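Notes follow the structure.
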Amino acid sequence: MAESAVADTPTVENHTFQAETRALLGLMINSLYTHKEVFLRELISNASDALDKVRLRALTEHGLLGDDTKLEVVLRPDEKAGTLTISDNGVGMTKDELTKFLGTIAFSGSREFMQKLSGDASKDAKLIGQFGVGFYSAFLVAQRVVVVSRAAGHDEAWTWTSSGEGTFTLAPGGRLRRGTDIVLELRDEQKEFLQPWRLRELVKKYSDFVGHPIVLESEEVEGEGADEKRTKSTETINKGSALWTRPKGEVTDEQYAEFYKHVSHDWDDPLARTHFTIEGTQLFTGLLFVPKRAPFDLFHREMRSGIRLYVKRVFIMEECQALLPEHLRFVRGVVDSDDLPLNVSREVLQHDLVVESIKRQVTKKSLEMLEALASERKDDYAAFWKEFGAVLKEGLHLDPNNKDRLAKLLRFESTHEGGGLASLADYVGRMKEGQPAIYYISGPDRAFLEKSPHIEGLKKKGYEVLFFTDAVDEWVATALPEFEGKKLVSAMKGEIKLEGEAKDEEKKDEADPAWGGLIQAMKDALGDRVKGVRMTERLTDSPACLVAGEHDLGANLERILKQHGQGGLPGGRRTLELNGSHPLVVNLRELVKEPKHRERVRQWTEVLHDQALLTEGSPIADPVAFAQRMTALLVESTARELGETPAGGEAPKVEV
Ligand code: ADP
């Protein structure tokens, strides 16, 4: 919050901007200096929102508008004073609102934002797009900004003044009617914004679709001094019809983009859009967009999300969450319904059948927009996926009706050569003859997973393996046991049967005299730290690995949950699998036959087990003992290189 300081006159109060606001201001001025003109779009957008709000309130608060019923935005350049005023007769702001709205960033992600700042202006500039900081763009062109506002239904006005350098003042008075004047004292180099032609041009470019009249009030000055004659002229300079009501063919890409910026408060163009009218049981128009970048608060509970709701062209509410399912919360835009009542409230929206039906259609149209993006613009879809994939995945659990469509939109990295993201359909199309399942492996990142022992056998067979690198991917797998009839199988869980034939390995191993001895010795050594020991086809180069049961949590998820403080979970015991074609395992099988080697086999089993933990990214229980055993083994082998017998020629002396 802004801090109040001692007032230097009885009525003028001095305030300090919230630290985040200050940082943002500096950043914005640096990053947008070549796009200064956007200030006009931002201020008109705020003025138009204020008009929407007062019109809405007037529906229930009779008399709120008084005789001031013609809602409009007025642009008033004053060449003499060097000021441009953007004026509206909207809801206005009270003193508290002026302090709060213009002195702080009411945004849940502002702390993250600050942490992300690198100090490199060109990098930081890109972050700006993820913020709604419209008002502050006034400082791009103005050395001082004066905001005079009187809230609807209040009888006092307040004047807010700032040079954008960390402080602002508040003083009573300045306006007799409802609404807000934003007075920009333009910098010398920015005087072009006093030219009527320039203002017309900018309104055409950025704000033509604003649903209220934008009136240019210019003055011609003739003569000087006592002979000076001023003639005022007013003209409406925008079309004034809501953009979504126009036929698609008549709206240009640029106009759509500007409209998107207006509703979303984004600074960047949208990545994709869909504009449609539904004429079924409900009549409504929708204009939906996907942003290029995720906002900072995408995973915050209090994220600003939802679309704008209009009823018969009348603005009803911003951020209407009832119209979008949770997993599409990144979609922005407008829905304009002909069926909802004008006095609809948020509470009513939650349970309204009309709303339910609109939501279903909005969901369908949003998915169609993503499907089109995925098939027509692969690179853009990959960019979308990077920003919002994790959110879309939530839908697999939340929206069972659309599970099949959502499954087709999933993308993963994989072992497939040529890189790029794989869809499940791509994967199935590339499956080898006789390949029984879709394989995946979960872990922190591609580089780590590529080297994992768990996928050695699969890679050798030429089977593609999907990399589940997102924390929620394993959870995705639980919602999606199969895709197009192919099972999704974790390379780290259960038994892998590469040939597809069913055989009960464990039973066979125990009975198999060749391996039975080693398996038993290892089980004895590891006790209840493992669920069992068995031979596997999973490995080719590594001697051993640990695998979870088919329905167990899995090492990756367990680690993630622990990181998030869920340490009390029972650590899932895993099965130690051995590679029967690895020389080390073969040697152990022979050594274990001699009782005198038993103790050393026990030590080596410990080393193998610890290695298996390390290669899957899990911590080992006793790193010191592990290091001591490794050291002893190295001593032995270096001594052998020198032709000596290691001290005592016996097992390394490690107590466990
Ligand atoms: P945003 O529009 O993204 O919320 P801004 O910095 O542009 O961010 O504005 C902050 C808030 O100040 C707005 O949400 C609105 O409540 C208030 N505001 C700005 N301009 C006006 C105006 N002309 N009339 C009434 N309120 C305004």
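Each reported figure results from applying straightforward, stated rules to the coordinates on display, with no laboratory input. Here the structure is a predicted model, which means the values were calculated and not measured. Note that each Cβ is placed from the backbone with ideal geometry, even for glycine, and that neighbours are counted across all protein chains shown.
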**Report entry** Largest-first ellipsoid semi-axes for the chain, taking √(5λ) over the Cα gyration tensor eigenvalues, angstrom
**Finding:** 66, 29, 20
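Charges at C-beta only: +1 for Lys and Arg, -1 for Asp and Glu. How large is the resulting dipole of the stretch 411-490 about its Cα centre, in Debye rounded to 20?
Values: 10 positive and 13 negative charges, 57 e Å.
In debye, rounded to 20, the stretch 411-490 gives about 280.
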Report task. With +1 on each Lys and Arg Cβ and -1 on each Asp and Glu Cβ, and nothing else charged, work out how big the dipole of the chain is about its Cα centre, in Debye to the nearest 20. Result -> 920
**Report entry** Cβ-derived FRET efficiency at R0 30 Å, T277 paired with R198, nearest 0.05
**Finding:** 0.25
Report summary line: A correct Karplus calculation of ³J(HN,Hα) over the stretch 224-231, with 6.51 cos²θ - 1.76 cosθ + 1.60, θ = phi - 60°, whole Hz and x for Gly and Pro, returns 9, x, 5, 8, 4, 10, 10, 10
Query raised in the report: Along the stretch 399-411, what does the Karplus equation 6.51 cos²θ - 1.76 cosθ + 1.60 (θ = phi - 60°) give for ³J(HN,Hα), rounded to whole Hz, x for Gly and Pro?
Result: 10, x, 5, 9, 4, 5, 5, 5, 4, 6, 8, 5, 9
Report summary line: Here, N587 and D227, labelled 7 Å along Cα→Cβ, have an inter-label distance in nm of 11.0
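Could you tell me what percent of the DSSP beta bridges with both partners in the chain are antiparallel, to the nearest 5?
Values: 72 of 94 bridges.
The answer is about 75 percent antiparallel.
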Report summary line: For K493, counting only lysines whose alpha-carbon sits under 23 Å away and dropping same-chain residues fewer than eight positions off, the answer is K393, K432, K451, K459, K460, K461, K503, K507, K508, K523, K531, K562
Query raised in the report: What percent does the relative contact order of the stretch 43-102 come to when contacts are Cα pairs within less than 8 Å and at least six residues apart?
Result: 40
Query raised in the report: Can you give the relative contact order of the chain as a percent, counting alpha carbon pairs under 8 Å and 6+ residues apart?
Result: 8
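Please state the shape class of the stretch 13-236: rounded when a/c is under 1.5, otherwise prolate if a/b exceeds b/c and oblate if not, all from the C-alpha gyration tensor.
Values: a/c = 1.64, a/b = 1.23, b/c = 1.33.
It comes out oblate by the Cα gyration axes.
By how many nm would the segment from T245 to D445 grow when fully extended, if each residue of separation counts as 0.36 nm and the alpha-carbon distance is taken off?
Values: separation 200, 0.36 × 200 = 72.00 nm, distance 4.64 nm.
Taking T245 through D445 to full extension adds about 67.4 nm, to one decimal.
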Query - For the chain, calculated [θ]222 nm from helices alone, where every DSSP H run of n ≥ 4 adds -39500 (n - 2.57) - result: -11500 deg cm²/dmol
Query raised in the report: How much length is gained on full extension from K312 to Q143, taking 0.36 nm per residue of separation minus their Cα-Cα distance?
Result: 56.7 nm
Query raised in the report: Hey, rough spin-label estimate for L633 and T167, points 7 angstrom out along Cα→Cβ, what's it come to in nanometres?
Result: 6.9
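Lysine pairs in the stretch 248-376 with Cα distance under 20 Å, only those 8 or more apart or on different chains: how many are there? Don't skip to the end; give the middle numbers.
Numbers: K248/K261; K248/K312; K248/K364; K248/K365; K261/K292; K292/K365; K312/K359.
The result is 7.
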Query raised in the report: Could you name the aspartates and glutamates in cross-link range of K487, using Cα to Cα under 17 Å and dropping any fewer than eight places away on the same chain?
Result: D404, D426, E433, E464, D473, E474, E495, E499, E501, E550, D552
Query raised in the report: Taking 0.36 nm per residue of separation and subtracting the Cα-Cα distance, what length does fully extending N30 through K100 add?
Result: 22.8 nm
Query raised in the report: So for the pair K486, E220, with labels modelled 7 Å out along Cα→Cβ, what separation do we get in nm?
Result: 7.5
Report task. Return the aspartates and glutamates within reach of K596: Cα separation strictly under 12 angstrom, same-chain partners fewer than 8 residues apart disregarded; answer none if there are no such residues. Result -> E650
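I'd like the FRET efficiency for T16 and A294, computed as 1/(1 + (r/R0)^6) with the beta carbon distance as r and R0 of 25 Å, rounded to 0.05.
Working: r = 31 Å, r/R0 = 1.24.
Computed FRET efficiency for T16 and A294: 0.20.
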